[in-house]
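One structure is given below, encoded as C-alpha cells.
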Amino acid sequence: MSIFEYNGSAVVAMVGKNCFAIACDRRLGVQLQTVATDFRRVFKVHDKLYIGLSGLATDAQTLYQKVVFRHKLYQLREERDMKPQTFASLVSTLLYEKRFGPYFCQPVIAGLGDDDEPFICTTDCLGAKELAKDFVVSGTASESLYGACESMYKPNMEPEELFETISQALQASVDRDCLSGWGGYVLVVTPTEVRERVIKGRMD
Amino acid sequence: MSRRGDWVYENNGGTCVAIAGADYCVVAADTRLSVGYNILTRDHSKICELADKCVLASSGFQGDIKALHKNLAARELLYQHQHNKRMSCPAMAQLLSNTLYYKRFFPYYAFNVLGGLDSEGKGCVFTYDAVGSYERTGYSTQGTGSSLIMPVLDNQLKSPSPLLLPAKDAVTPLSESEAVDLVKDVFASATERDIYTGDKLEIVVINKAGMKREYIDLRKD
C-alpha cells in the first residue's frame, strides 16, 4: 500500500462568484482500521485563506504547523496578511526544501486575493503548483473527485449553490472510496463571512 | 512492465457505461484504442451485439476482448441452433461469468459491462470483474474512466444504486432520452480528465423496438 493511502483523505476546493468553497472528508484511518471520524484536514491561515492537506496525516499536521509559524512571522514583519498567491509560493518552497525526503502531503490552497478575487491552487508533494480557475482536488478519492467536479461544476455560482455543488461532489466521490468518508467539513468563504457546515453522509 | 519477457497483457484503455431503464437499456463506450501514450486508432468499437436484446461492452486488453467476444458469439449461435431461440440477457450474463472463470488462472484482461432487456422486457445491466464475479445492477461503468464516472452516476441515479441496502429496484426512473443525455454528459467529463478516453462515443440503445446506434464526437486530445 502506498504511503499516500495510509490514512485516507479527500480534499476539494471550488471557485464561485466572489467566493470559494473548500471541503474535506472526516475519516482518519490506519490502513483498513478507522481511528477517528471527526478529523479535520482544512485549516485556517487567516480570515480569507485556508489550506487543506491530504495524504499522510502526520505530515499534514506538521506542514500546517510550519506554515502557520511562517505566516505569523510574515504578519509581524509586514503588518498584514499574506496574499494567497504568495502563500502558495511559500507552501511550494517549504515542500521543495524536502525534495529528496518529501512530506507525503498534497496541499490544496484556497483564498480571496486582491479585490476579493477567489484563488485556488494545489501542489503535489514536491511543491509543483497547479493553478486552476474552476476546481482542484486531492487525496485518495482524487480520480472520483475529478469526474464528479468536472460534471457538476459550472462557473460563477453563488455561495449557496456552490455549497450544494461541492457537497454533492464530495459525497458522491468519497462514497466510492473505502479510505475516505464519514461525512465532511465544508467551508464557504465570501468577502463578508465564512460559513462552516458539517455534512452527514454514509458513515462507512 | 514491458521489460519483462513474460508479461503478456497490455491495457488499451477506454471506458464503458451502461444504464438500465424500465423498458430500455443504454450501453455506451468510447472508440479510442491506445497503447501507452500513443493512440492506435480513434475508431475502434468496444461494443459487441451478442443477441437481439443483449449487448456487451468491454474495456481492457483488446486482444483478449476480441477473443472473448468471438467465443461468446459462437456459443450464442450454438444456443440458437439447439434451442431455436436467441439467448436472453440473463442467460448470457451467466455464460459470460462462466467463460471468464474458466480462465481463472490465466484471465481475460477484460472489464465487461453487459446490457440488454430481460425476459420481461425490463432493462438489465450486469457488471463484471476480470474473473467472472458479476452482479445485476441498475447502472455500471468499467475501464480507465470508470472511477471518474461512477460517482456521478451514483449521484444522479440513486435508486438503482448497488450501494443502497436493501437493494431497491434495479432500474432507473429516468426516461430514455434523459439517460442518453446523462451518458453524453459523463463521457464529456471523463474525456476532459482521462487521457485514454475520447475521440468518439458510440451509444447503443436497446428497447422493444430493437437496437439503435448513435455516434457523438468527443475531444480528440
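The values are calculated or read from the model by the stated rules, or taken from the named source; none is laboratory data. Because the structure is a prediction, the values reported are computed rather than measured. Counting neighbours? That spans all protein chains shown, and the Cβs are built from the backbone with ideal geometry, glycine included.
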**Prompt:** Which residue, of B:Gly143, B:Gly116, is touching a Lys or Arg at 6+ places or on another chain (Cβ under 9 Å), modelled with pLDDT of 95 or more, within 17 Å of B:Val55 (Cβ to Cβ) and within 14 Å of another protein chain (Cβ to nearest Cβ)?
**Reply:** B:Gly143
**Prompt:** Do we find that A:Ser173 is facing another protein chain (nearest Cβ under 10 Å), surrounded by 18 or more Cβ atoms within 10 Å (Cβ to Cβ) and out of contact with any strand residue (DSSP E or B) (no Cβ under 7 Å at 6 or more places or on another chain) in this structure?
**Reply:** no
**Prompt:** Hey, does the range A:2-22 have a residue that's of a type in the set (S, T, N, Q), at negative phi and modelled with pLDDT under 95?
**Reply:** yes
**In the range A:156-204, the residues that are among the aromatic types (Phe, Trp, Tyr) and at positive phi** = A:Trp182
**Message:** Which count do you get for residues in the range B:1-35 that are in contact with a Gly (Cβ under 8 Å, 6 or more places away or on another chain) and in a strand (DSSP E or B)?
**Reply:** 14
**Message:** For the list (1) part of a loop (DSSP other than H, G, I, E, B); (2) aliphatic (A, V, I, L, M); (3) crowded, with 24+ Cβ neighbours inside 10 Å, I need the number of the one condition that A:Met1 fails.
**Reply:** (3)
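Condition check ((1) within 14 Å of chain A (Cβ to nearest Cβ); (2) over 19 Å from A:Leu145 (Cβ atoms); (3) of a type outside the set (Asp, Glu)) across all residues:
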residue: B:Gly121; (1), (2), (3): no, yes, yes
residue: B:Ser133; (1), (2), (3): no, yes, yes
residue: B:Gln156; (1), (2), (3): yes, no, yes
residue: B:Leu164; (1), (2), (3): yes, yes, yes
residue: B:Val180; (1), (2), (3): no, yes, yes
residue: B:Phe187; (1), (2), (3): yes, no, yes
**Prompt:** Of all the helices (runs of 4 or more DSSP H) wholly in the range A:54-162, which have at least 3 residues that are away from chain B (no Cβ under 14 Å)?
**Reply:** A:57-78, A:84-96
**Request:** Could you grab me the full set of residues in the range B:126-150 that are of a type in the set (A, V, I, L, M, F, W, C), over 15 Å from B:Ala91 (Cβ atoms) and in contact with a strand residue (DSSP E or B) (Cβ under 6 Å, 6 or more places away or on another chain)?
**Result:** B:Ile149, B:Met150
**Asked** Only one of (1) within 15 Å of A:Ile22 (Cα to Cα); (2) surrounded by 17 or more Cβ atoms within 10 Å (Cβ to Cβ); (3) of a type in the set (Asp, Glu) is not met by A:Asp47, so which one is it?
**Response** (2)
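Which strands (runs of 3 or more DSSP E) does the range B:36-76 wholly contain that include 1 or more residues that are without any contact (Cβ under 8 Å) to a residue 24 or more places away in the chain?
B:38-41
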**Request:** State whether the residues of the range B:210-217 include one that is surrounded by fewer than 14 Cβ atoms within 10 Å (Cβ to Cβ) and either out of contact with any strand residue (DSSP E or B) (no Cβ under 8 Å at 6 or more places or on another chain) or among the polar types (S, T, N, Q) (or both).
**Result:** yes
**Complete:** The condition of being farther than 26 Å from A:Val30 by Cα and at pLDDT 95 or above holds, among A:Val136, A:Val194, only for A:Val194
**Prompt:** Would a scan of the range B:100-109 turn up a residue that is touching a Cys at 6+ places or on another chain (Cβ under 9 Å), among the hydrophobic types (A, V, I, L, M, F, W, C) and modelled with pLDDT of 95 or more?
**Reply:** no
